[in-house]
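Comments concern the structure below.
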Amino acid sequence: MNETSGVVVRLEGDYAWVRAAAAGKACGACSQREGCASANLGAALDGTGGGGERLLRLSNTIAARPGDVVVIRAAEGAVLRAVWLAYGMPLLLGLLGALAGQAWFGGELAALLGMLAGLAAGFLLMRRKGLVSARAEPILSIGFKRLP
């Protein structure tokens, strides 16, 4: 289980916005000053404050309040599975579709149509898996930090 400390900044319905206090051991890029430029872009676009402050919107299952110190947890392999589902599966099915189109019908147009069919199948599978995983445990969760 990968863990890092955080502080609840604000509540929004059933969700808590949590500021990670330090880089977790799960992501080596977090220790690099400019390692995750996409997080800054996402923060600027979603209004969470891009100036170095990274807020996470997590389900508030523990009834935390603003100012509470919490532990942010990610199960081992959960992030890698999410990345595989979001990127790897559609890409793999797209490539397999292109190979199948090329092998069965020949020509670039058949390969292109096979690739598009494979990508569509990958995204449909991703969507179906996403709906099933909505009932499963989230990738990131929070718990109260125990005092030493």
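Every read-out reported here was derived from the displayed coordinates using simple, explicitly stated rules and does not represent laboratory data. Computed from a predicted structure; not experimentally measured. In this analysis, Cβ positions are derived from the backbone assuming ideal geometry, glycine residues included, and neighbour counts consider all displayed protein chains.
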Open item on the list: Any residue at all in the stretch 85-101 that's in contact with a Phe, Trp or Tyr (Cβ under 8 Å, 6 or more places away or on another chain) and assigned to a helix (DSSP H, G or I)?
Closed with: yes
Open item on the list: For the stretch 1-18, which positions are outside any loop (DSSP other than H, G, I, E, B) and of a type in the set (Gly, Ala, Ser)?
Closed with: 5, 6, 16
